[in-house]
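**Q** First the structure, then my questions, so here it is.
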Amino acid sequence: MALHKKASQPPVTVTLRIAVTPAERLDYVLGRANSAQFKYLVGKQSGVKPVLAQKSSLKAVPNASLVEARVGVQTKDQGRRYVEVFLPTLQDLCGRQARLTLVEQSVR
């Protein structure tokens with residue numbers, strides 16, 4: 001009889017909501033945000049383990065030009081660092097294609 005160990009979820013969840021202007025660039029921004037390159041850069045700059053950064057979830061918020069990002073991290077300090085680098089890094093990757101504004105954030 002084999003025992004299956006379920007992977008535990010990271011104890012802290014970071015949630016960000018980012019407004020995208022113009023709204024037509026939402027899919028472009030999501031593509032950049034879901035890229036391995038972006039996830040690697042944010043993980044490296046924030047000190048979040050690469051495996052956790054790669055598991056970040058990014059999706060469009062229905063009926064709004066918003067992107068919602070969620071990632072699990074080990075500590076609230078890691079979460080704060082992740083929030084600090086997320087938007088500037090994504091804006092750098094998007095360049096002049098879209099303007100991004102942080103609307104909401106939580107680290108719990």
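The values are calculated or read from the model by the stated rules, or taken from the named source; none is laboratory data. A quick note: this is a predicted structure, and the numbers were derived from the prediction, not measured. Every residue, glycine among them, receives a Cβ derived from its backbone with ideal geometry; neighbour counts consider all protein chains shown. These area figures cover heavy atoms from the full protein model, side chains too; ligands, DNA and RNA do not enter into them. Shrake-Rupley method; radii C 1.70, N 1.55, O 1.52, S 1.80 Å.
**Q** For the range 73-92, enumerate the residues that are surrounded by fewer than 17 Cβ atoms within 10 Å (Cβ to Cβ), touching a helix residue (DSSP H, G or I) at 6+ places or on another chain (Cβ under 9 Å) and touching a residue at least 60 places away in the same chain (Cβ under 8 Å).
**A** Passing the criteria: only Gln74.
**Q** Consider Gly43 carefully, then state whether it is free of Cβ contacts under 8 Å to residues at least 40 places away in the same chain and closer than 17 Å to Val107 by Cβ.
**A** For Gly43, the condition - free of Cβ contacts under 8 Å to residues at least 40 places away in the same chain and closer than 17 Å to Val107 by Cβ - is met.
**Q** Hey, could you check the range 32-48 for residues that are part of a loop (DSSP other than H, G, I, E, B) and touching a strand residue (DSSP E or B) at 6+ places or on another chain (Cβ under 8 Å) and say which is farthest from Thr13 (Cα to Cα)?
**A** Asn34
**Q** When you go through (1) within 21 Å of Val103 (Cα to Cα); (2) in a loop (DSSP other than H, G, I, E, B); (3) polar (S, T, N, Q); (4) in contact with a Gly (Cβ under 9 Å, 6 or more places away or on another chain) one by one for Gln78, which number turns out not to apply?
**A** Of (1) within 21 Å of Val103 (Cα to Cα); (2) in a loop (DSSP other than H, G, I, E, B); (3) polar (S, T, N, Q); (4) in contact with a Gly (Cβ under 9 Å, 6 or more places away or on another chain), only one is false for Gln78: (2).
**Q** Regarding Val51, is this residue part of a helix (DSSP H, G or I) and either open to solvent by 20 Å² or more (accessible area, probe 1.4 Å) or closer than 22 Å to Gln97 by Cα (or both)?
**A** Judged against the criteria, Val51 is a match.
**Q** Considering only the range 9-36, state which residues are hydrophobic (A, V, I, L, M, F, W, C) and surrounded by 18 or more Cβ atoms within 10 Å (Cβ to Cβ).
**A** Correct list: Val12, Val14, Leu16, Ile18, Ala19, Val20, Leu26, Val29, Ala33.
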